Amino acid sequence: MNKPLYKKKAALRLTAAALILLAVIWRLAAGSDLASFTSEEYAVSFEYPRVWEAISADASSFSGDSGFIELSAMSGEGHTLKEASAIIASHALQPYGSAPVVSAMNIQGHEASLIMPSSDQGEEWGHKASLVIQYPEARHIGGSVYRYFILTADREHIKSIGQTVRFKNQQGTYQ
């Protein structure tokens, strides 16, 4: 065995391991790239890119160079999740294009539908996609009853943000 070559390879491995360790330490010290948001009105919390800013007075919309989020709710009275999602996806203005794809999902144990835009979605919609998530219990907002929480975001972030959604339970904690 060539000892000088062996020593160089070992030193390179050690240097690579040290660089990885430094990157991990720096990442932990720098904090997360995500910020947490909690809405008492919608009884929901989630994480979103820290660099985005609230763009509405009630903090129901966030925006940044890389995307956006909008919060809303739907009564859905008399409609299943699938029906409510189809109503949203087939809006007359076609915010998801002419043939959006609606698929069933599970978000933290709650039934959900993901609405992804079709390729003919207009540019004015900003790559809009939505998650329609059934509330654990109907939610009273502004004197009306809502059964479905709607998280709308750009299609690049909708799934990752959606996976962080937590609803407020009866004990007042988010899970």
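The values are calculated or read from the model by the stated rules, or taken from the named source; none is laboratory data. Treat the numbers as computed from the prediction; the structure is a model and nothing was measured. Because the Cβ atoms are built from the backbone with ideal geometry, glycine has one as well, and the counts that use them run over all protein chains shown.
For the stretch 31-78, the tally of residues that are under 25 Å from Ser103 (Cα atoms), more than 17 Å from the chain's Cα centre (by Cα) and in contact (Cβ under 8 Å) with a residue 24 or more places away in the chain stands at 4.
If the condition is being modelled with pLDDT of 95 or more and surrounded by 16 or more Cβ atoms within 10 Å (Cβ to Cβ), then the stretch 73-93 contributes Ala73, Met74, Leu81, Ala84, Ser85, Ala86, Ile88, Ala89.
Of all the residues in the stretch 138-161, those that are touching a residue at least 24 places away in the same chain (Cβ under 8 Å), assigned to a strand (DSSP E or B) and out of contact with any Gly (no Cβ under 7 Å at 6 or more places or on another chain) number 8.
Once the stretch 147-161 is narrowed to residues that are within 13 Å of Met116 (Cα to Cα) and not β-branched (Val, Ile, Thr), the residue that is surrounded by the fewest Cβ atoms within 10 Å (Cβ to Cβ) is Glu156.
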